[in-house]
Amino acid sequence: MIKTSALALALLLCAQAQAQEQAPAPDSGKRSELWLSTGFATYHFQSDKDLNGRNPGVGIEYRFSDEASVTAGRFYNSDREHSKYVGLYYQPWTYKGVKLGAVIGAFDGYPEMRDGGWFPALIPAATYEYKRVGVNLAVIPTYKNRLHGGISLQLKFKLF
């Protein structure tokens, strides 16, 4: 998983560098926004398992540019355990107002993954923000019998 994640991140960064060489970025100025985020609502690909799709929690996200933000939080995960996360969203593409890219980060609290300890993850992500509300959509890949994949939706609210 780590090799695949590293390759995906390298491809993402190369594509961004190529796009910047071809055309200048349109006013990708600095931003300073603090968002309060909820936990997640998750549709699991393995619907035959008794997984928790309601993942309440709380987090923060600080957007420091049009393309990037940092995030951290805590939620009740699919295995019915508490998890913490930290990450960096990098979303260099926009399609009809939706930011596209990935979040690279770390999670804990999944009993079958490193005995509940911290592990790295690279997750494709899309974000839509409108005034003071937004949503993050993530596609979590299934990893063996350790992590259960799905599509997660997270609401967020701009504090300032």
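Would you call I140 of a type in the set (V, I, T) and in contact with a helix residue (DSSP H, G or I) (Cβ under 8 Å, 6 or more places away or on another chain)?
Details: of a type in the set (V, I, T): yes; in contact with a helix residue (DSSP H, G or I) (Cβ under 8 Å, 6 or more places away or on another chain): no.
Spelling it out, it is not the case that I140 is of a type in the set (V, I, T) and in contact with a helix residue (DSSP H, G or I) (Cβ under 8 Å, 6 or more places away or on another chain).
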Given (1) over 12 Å from the mean Cα position of the chain (by Cα); (2) closer than 14 Å to F45 by Cβ; (3) among the β-branched types (V, I, T), index of the condition V139 fails = (1)
May I ask you to list pairs of residues, at least six apart or on different chains, whose Cβ atoms are under 8 Å apart, with the first in region 126-146 being surrounded by 17 or more Cβ atoms within 10 Å (Cβ to Cβ) and of a type in the set (S, T, Y) and the second being modelled with pLDDT of 90 or more and part of a strand (DSSP E or B)?
-> T127/Y89; T127/Q91; T127/V98; T127/K99; T127/G134; T127/V135; T127/N136; T127/L137
Would you list the strands (runs of 3 or more DSSP E) that sit entirely within region 49-160 and hold 2 or more residues that are over 20 Å from L36 (Cβ atoms)?
-> 82-95, 98-107, 119-130, 133-140, 150-158
Flag for S37 being polar (S, T, N, Q), loosely packed, with under 15 Cβ neighbours inside 10 Å and outside any loop (DSSP other than H, G, I, E, B) = no
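Yes/no matrix, rows are residues, columns are (1) at pLDDT 95 or above; (2) under 18 Å from V103 (Cα atoms):
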residue: E33; (1), (2): yes, yes
residue: S37; (1), (2): yes, yes
residue: Y43; (1), (2): yes, no
residue: Q46; (1), (2): no, no
residue: A68; (1), (2): yes, yes
residue: A72; (1), (2): yes, yes
residue: Y76; (1), (2): yes, no
residue: R80; (1), (2): yes, no
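Please count how many residues of region 42-60 are more than 15 Å from G73 (Cβ to Cβ) and either in contact (Cβ under 8 Å) with a residue 40 or more places away in the chain or exposed (fewer than 14 other Cβ atoms within 10 Å of the Cβ) (or both). Explain how you work it out, then say what you get.
Let us first name the residues in region 42-60 that are more than 15 Å from G73 (Cβ to Cβ), namely 43-54.
Going one step further and asking which of them are either in contact (Cβ under 8 Å) with a residue 40 or more places away in the chain or exposed (fewer than 14 other Cβ atoms within 10 Å of the Cβ) (or both), we end up with 43-51, 53-54.
Of the residues in that region, 11 qualify.
The values are calculated or read from the model by the stated rules, or taken from the named source; none is laboratory data. Only a predicted model underlies this, so the values are computations on that prediction, with no experimental measurement involved. Ideal geometry is used to build each Cβ from the backbone, glycine not excepted, and the neighbour counts take in all protein chains shown.
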